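Read the structure below first, then the notes.
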Amino acid sequence: MARIPYADLTREEVLPLVQKIEAERGEVLHLYRMLMHSVPVATGWLGYLTAIRQQCKLSAALRELVIMRVAHINGAPYEADQHKPFALKAGVTPEQLEALANWQDAPEVYDAVQRDVLAYTDAMTREVHVSDAVASAVRAHFDHEQLVELTATIAAYNMVSRFLEAMQIHSDDQPD
């Protein structure tokens, strides 16, 4: 159960954002129900994550592979639960998802780009500082725009998983 109750979505100050999220996504997920305690934070969060998910040129498959890896490293099951269907739809294979915990031990499951992206994800998530070798390897696959998008995606979903876990947001919570 979450550390604090989920926000009341009937409050007047949250209604415009609730309506926007429902129009764009069909429902207000647990994450946004918690974020609604602060309308400025929820609004900024929605804008940033919408840009990452829907407006960037980075392939959906790489984006979702990164999100799933970040969720695994950070022990964020809600994030993984929410993104597994998106990952599969984007072309991440069930075998890739299954091997993700120990991806280095299954090099045949991932292509060279995916392996370099996973190494970059691991470095950013675990060590924060990325070695020149890892950065050079991933940079060889992307132009500047895509590298910024990849880096921002990894950073964004580290933010998401850290928020989810600090607030103990889980898929089976009953927010009402």
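The values are calculated or read from the model by the stated rules, or taken from the named source; none is laboratory data. This is a predicted model, so every value here is computed, not measured. We place every Cβ from the backbone using ideal geometry, glycine too, and count neighbours over all the protein chains shown. Note: areas computed on protein heavy atoms with side chains; ligands, DNA, RNA excluded. Shrake-Rupley method; radii C 1.70, N 1.55, O 1.52, S 1.80 Å.
Classify region 30-94: rounded, prolate or oblate, from the alpha-carbon gyration tensor (a ≥ b ≥ c, eigenvalue square roots; a/c under 1.5 rounded; otherwise prolate if a/b is larger than b/c)? Cα axes put region 30-94 in the oblate bin. Charged neighbours of Tyr6, selected by a Cβ distance under 10 Å, balance to -2 (K, R count +1; D, E count -1). Each of Ser136 and Val109 was given a label point 7 Å from its Cα along the Cα-to-Cβ line. The distance between the two points is 2.9 nm. Here is how the number arises for the chain: DSSP H runs of 4 or more residues each give -39500 (n - 2.57), the sum is divided by the residue count, and the result at 222 nm is -18500 deg cm²/dmol. Within the shell defined by Cβ-Cβ distances under 14 Å, the residues around Gln146 carry a net charge of -1, with Lys and Arg each +1 and Asp and Glu each -1.
Given Cα positions, please report Rg to Rh for the chain, the hydrodynamic radius being the Kirkwood one.
Radius of gyration relative to Kirkwood radius: 0.99.
Taking the protein heavy atoms of the chain in the context of the full set of protein chains, the accessible area attributed to carbon and sulfur is 55 percent at 1.4 Å. Each residue of region 69-85 was assigned a 3J(HN,Hα) from its phi angle through the Karplus expression (A = 6.51, B = -1.76, C = 1.60, θ = phi - 60°), giving 5, 4, 4, 5, 4, 8, x, 10, x, 4, 4, 5, 4, 6, 9, 4, x Hz with x at Gly and Pro. The Rg/Rh ratio for region 81-172, using Cα coordinates for both the radius of gyration and the Kirkwood hydrodynamic radius, is 0.97. For the chain, the solvent-accessible area of protein heavy atoms averages 52 Å² per residue (probe radius 1.4 Å; ligands and nucleic acids excluded).
Which is the longest run of the chain containing none of the trypsin sites (Lys or Arg not before Pro) found in DSSP loop states (not H, G, I, E, B) with at most 14 other C-beta atoms within 10 Å?
That gives 58-176 as the longest site-free run.
The mean sequence distance of close C-alpha pairs (under 8 Å, at least 6 residues apart), as a share of the length of the chain, puts its relative contact order at 33 percent.
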